[in-house]
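Structure first, commentary second.
The values are calculated or read from the model by the stated rules, or taken from the named source; none is laboratory data. Quantities reported herein were computed from a predicted structural model and do not represent experimental measurements. All Cβ positions, glycine included, derive from the backbone under ideal geometry; neighbour counts span all protein chains shown. Surface areas here come from the heavy atoms of the whole protein model, side chains and all, with no ligands, DNA or RNA. Shrake-Rupley method; radii C 1.70, N 1.55, O 1.52, S 1.80 Å.
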Amino acid sequence: MSFDDLLHVGRPNLGNREKFLSLVNEILDRRWLTNQGPVVKMFENTICEYLGVKHALTICNATTALEIAAKALGIKGEVIIPSFTFIATAHALQWLGVKPIFCDVGPRTHNIDPTKIEALVNENTSGILGVHMWGRPCDIETLQLLSSKYNIPVFYDASHAFGCSYKSNMIGNFGSCEVFSFHATKIINSLEGGLITTNDSRLASKIDKMRNFGFTDFDKVDELGINGKMNEISAAMGLTNLECIDEFIAKNKANYDLYRKYLSSIPYVKLIEYSAEEYFNYHYIILYLDTVNSKRSRDELISILHSNNILARRYFSPGCHRMMPYQTMTDYSRLDLRVTELLSESLIALPNGQSIDDDDIAKICSIINNFISSH
Ligand SMILES: Cc1ncc(COP(=O)(O)O)c(C=O)c1O
């Protein structure tokens, strides 16, 4: 069994290999490998055009980007975030000494439940960090109202949401700023990489300094900074990927539609839905298994898929509040996180992307069908 024979979630999209290699050759010829080189600038300009946003600042990864964004926004004390997210959302805050306060998510949206936020606000709350889970936008309008009411910034972890929209405007334009991941598993990858977008020029200038040690000129440092820069080879990969984004999304959508077709007649399972009114990247094929009525365990299905060389994933399980260090920090059993608990035991991420073909999808769905009907 080679790595190539495995069907797995998050297999990287590559884009045009010749284009990437020719950019890499140019970078090597130029010997300008990092520090806001021309490929990083080209990547950032192309992103601004694609998202219709004023500022796009590439960062070495999204976790560092979340840290820089929070620091630039003056976040301290506590921030309200969903517990149903990848651990990096919480870790980025905790790393800065900011306490993540976990809020439950909506059963249909899988996004932070705006009706449960106000109960968590107190004098230490300095922000709300929403996550556009699976690329489906948070209830941005309501979060904005809460942000104004309590005079605290709202910003977004948009790691899943490149190429997605809210009310027809591209994600990247909302809140004080938004953070994307270009990790290898994402719709667009720069090997490792991250991005902060904002329409606030003062914030952009602060982030620009912070990602480069606080430098404003040779030997001149204006404030505390870190090394958050993206290198030229990463930007070349990101740019190559971005040029193919329409192709990637079309393939993801075709895969999603095929999964839907095969799974629609199988009881107890349901794919998450993407509304027809917005743009989505269709990168996440998320299956909900009704474990109560089917009396089947999600983890058993995952093991059967794994034994058939299909590396489906438990995204995201358990909720952040059950992982360290959060598990022991507060008595989270007193918080109402019941939707997070349910989703983290019921969801399965199935393989998607350029390297999956129709036969693979038929095989995966047939294994799921056999699993359900064999009971
Ligand atoms: C929701 C979410 N936030 C943050 C991250 C962290 O991204 P990165 O690996 O670029 O640091 C990820 C990565 O998978 C993610 O899914």
**Protein-only accessible surface order, largest first, of Arg296, Arg11, Arg322 at 1.4 Å** = Arg322, Arg11, Arg296
**Message:** At 222 nm, what value in deg cm²/dmol follows for the chain if DSSP H runs of at least 4 each add -39500 (n - 2.57) and the sum is divided by all its residues, to the nearest 500?
**Reply:** -11500 deg cm²/dmol
**Message:** List the trypsin sites (Lys or Arg not before Pro) within the range 1-79 that DSSP assigns to loop and that have no more than 14 neighbouring Cβ atoms inside 10 Å.
**Reply:** Arg31, Lys54
**Item:** Kirkwood hydrodynamic radius of the chain, from inverse mean 1/r over distinct Cα pairs, in Å
**Value:** 21.4 Å
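Give the residue list of GluC sites (Glu not before Pro) in the range 269-327 that are DSSP loop and have at most 12 other beta-carbon atoms within 10 angstrom. Don't skip to the end; give the middle numbers.
Values: sites: Glu273, Glu277, Glu278, Glu300; in loops: Glu273, Glu277, Glu278.
Of the GluC sites (Glu not before Pro), the ones in loops of the range 269-327 whose Cβ has at most 12 other Cβ atoms within 10 Å are Glu273, Glu277.
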**Fill in**
Heavy-atom accessible area per residue of the range 260-332, all protein chains kept, 1.4 Å probe, expressed in Å², is 53 Å²
**Item:** Above-threshold pairs, the threshold being 20 Å between Cα atoms, out of Lys19/Lys54; Lys41/Lys206; Lys261/Lys363; Lys71/Lys149; Lys71/Lys229; Lys41/Lys251
**Value:** Lys19/Lys54; Lys71/Lys149; Lys41/Lys251
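Between Thr330 and Ser275, 0.36 nm times their residue separation minus their Cα-Cα distance comes to what?
Here the segment from Thr330 to Ser275 would lengthen by 16.1 nm.
Taking 8 Å as the Cα distance limit and 6 or more residues as the minimum spacing, I'd like the relative contact order of the range 246-373 as a percentage.
37 percent
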**Complete:** Connecting every pair of Cα atoms under 10 Å apart in the chain and solving the GNM, the largest mean-square fluctuation among Ala250, Ala161, Ala92 falls on Ala250
**Message:** From Cα pairs below 8 angstrom and at least 6 apart in sequence, can you work out the relative contact order of the chain, rounded to a whole percent?
**Reply:** 23 percent
**Message:** Test of understanding: in a Gaussian network model of the chain with alpha carbons linked when under 10 Å, which of Leu129, Leu28, Leu195 would top the mean-square fluctuation ranking?
**Reply:** Leu28
**Prompt:** Per residue, how much accessible area does the range 17-243 show when a 1.4 Å probe rolls over the protein heavy atoms, in square angstrom?
**Reply:** 41 Å²
**Request:** Compute the FRET efficiency between Glu118 and Ala362 as 1/(1 + (r/R0)^6), taking r as their Cβ-Cβ distance and R0 = 51 Å, and round to the nearest 0.05.
**Result:** 0.60
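Per the 1.4 Å probe, what fraction of the accessible area of the chain, in percent, lies on carbon and sulfur atoms?
Carbon and sulfur atoms account for 52 percent of the accessible area of the chain.
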**Prompt:** At a Förster radius of 30 Å, what calculated FRET efficiency corresponds to the Cβ-Cβ distance of Leu6 and Asn35, to the nearest 0.05?
**Reply:** 0.20
